[in-house]
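Each remark here refers to the structure printed beneath this line.
The values are calculated or read from the model by the stated rules, or taken from the named source; none is laboratory data. The structure presented is a predicted model; accordingly, all values stated were derived computationally and were not measured. Cβ sites come from the backbone with ideal geometry, for glycine too, and all protein chains shown count toward neighbours. Ligands, DNA and RNA are stripped out before the accessible areas are found, and what is left, the full protein with its side chains, is counted by its heavy atoms. Shrake-Rupley method; radii C 1.70, N 1.55, O 1.52, S 1.80 Å.
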Amino acid sequence: MINRRSIEVAVGLFIAAGLAALFMLAMKVSNISAFTEGNGYQLSARFENIGGLKVRSPVTMGGVRIGRVAAIEFDQNAYQAVVTLKISPQYDRIPKDSSASIYTSGLLGEQYVGLEPGADDAYMRDQDSISLTQSALVMERLISKFLFNQTVKENGGS
Amino acid sequence: MDWLQSLGRTGLILFERLGRGHLFLLRVFGGMSDTVLRPSLLIAQMYSIGVLSFTIIAISGLNVGMVLGLQMYNTLVDFGAEDSLGQVVALSLVRELGPVVAALLFAGRAGSALTAEIGLMKATEQLSGMEMMAVDPIKRVVAPRFLAGMLSMPLLAAIFSAVGILGGFFVGVGLLGVDSGAFWSQMQANVDLREDIVNGVIKSFVFGFVATWIAVYEGYDTVPTTEGVSRSTTRTVVHSAFAILALDFVLTALMFGGI
């Protein structure tokens, strides 16, 4: 018969291992960092077409993630998508005339907002909007454009 | 006419068992307070249910994770998407395989032992003996086991998933040469704390509840003979597996939508 103390120690170890596993799943596996960056400032950008961009998609500058997409709305008056970007507070020197584009990471990867820095001396503040934007590339449009060009070329050549 | 009668009889027996199971559950909940007041009973059961299941859960988790890493790598590499390996392994373990496989192993390892133990107590009239001494066997025997099973299961499932991800990491990054940074970053970018991990924990909690309930009920309700105990033990494993897999479908449909 195992004595009481060693049973209690074993149960303690088991609970600790279980909690450690949960902790690892939460911290190491999931995107908990997205919850901790609650503070930060918001910028908005208007796009003609956002493609497959989703809330919580990354916002990057020079390939480094500096924030996330906080909200996506549709403006009925301008027929544009309004994307709210939440930028981490330590990145507070984004020039006023920076531009935002929607890119795809890899051929099948997720879509993200890439910011290109401008040359302005003034920096973006909370609730500012990015005026220079470039919409997502929609694969069907590219293909149809390409096919259209091909047809035009063939017709022009003959 | 005969087959109609036998169908009716089967149905009535089924519903009677189901009803008794629920009444039993209510009694167990009623007797839960004593377990909370005497944690030593709970700790002893946590040892036999949780700690002794640890090895099989950890080893199975490691192997499932390693196989998952290997299989997914071979598929993903055709699309040049082997960087997503971490994401695939983590999502399949956290959402499905962790809770479900751990619960099936739990039913086989701990549930059957619970049924056999309580069933033999009944067959050797220990439960009646307790009643004679004015000790409520539900409070003294069943409630601590039930609570211990319910608490152990989420921990075991979390261990299964965590060890499985490490197994996938070992195979993917260690043996097959996936980039370590891509493995973790793709995983972190696509596994959501609320959507995936909390839902997985809820699932494992529900499975633990159902599997332990079936196990203690089958034990308590057994026909007190050698054959009866053996049948109850078999039924525990079979019914638990059915219940876990059926509930998994329902929970997945509710949590991850689509229906």
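Data table
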{"item": "Of residues in segment A:7-18 being open to solvent by 50 Å² or more (accessible area, probe 1.4 Å) and facing chain B (nearest Cβ under 7 Å), the one modelled with the highest pLDDT", "result": "A:ILE15"}
{"item": "Per-region count, segment B:143-202, residues more than 9 Å from every other protein chain (Cβ to nearest Cβ), outside any helix (DSSP H, G or I) and in contact with a helix residue (DSSP H, G or I) (Cβ under 8 Å, 6 or more places away or on another chain)", "result": "3"}
{"item": "Qualifying position, being more than 20 Å from A:ILE72 (Cβ to Cβ) and either assigned to a strand (DSSP E or B) or modelled with pLDDT under 85 (or both), among A:LYS153, A:LYS145", "result": "A:LYS153"}
{"item": "Criterion: assigned to a loop (DSSP other than H, G, I, E, B) and either within 14 Å of chain B (Cβ to nearest Cβ) or surrounded by fewer than 18 Cβ atoms within 10 Å (Cβ to Cβ) (or both) - qualifying residue of A:ARG56, A:ARG68, A:ARG46", "result": "A:ARG56"}
{"item": "When residues of segment B:71-87 are limited to those that are touching a Gly at 6+ places or on another chain (Cβ under 9 Å) and modelled with pLDDT under 90, the one nearest to A:LEU22 (Cα to Cα)", "result": "B:GLY86"}
{"item": "Members of segment A:85-136 found to be more than 18 Å from A:GLY63 (Cα to Cα), of a type outside the set (Gly, Ala, Ser), open to solvent by 40 Å² or more (accessible area, probe 1.4 Å) and in a loop (DSSP other than H, G, I, E, B), listed by number", "result": "A:LYS96, A:ASP97, A:ASP120, A:ASP121, A:ARG125, A:ASP126, A:GLN127"}
{"item": "Given (1) closer than 28 Å to B:ARG145 by Cα; (2) acidic (Asp, Glu); (3) open to solvent by 30 Å² or more (accessible area, probe 1.4 Å); (4) in contact (Cβ under 8 Å) with a residue 40 or more places away in the chain, number of the condition B:GLU218 does not satisfy", "result": "(3)"}
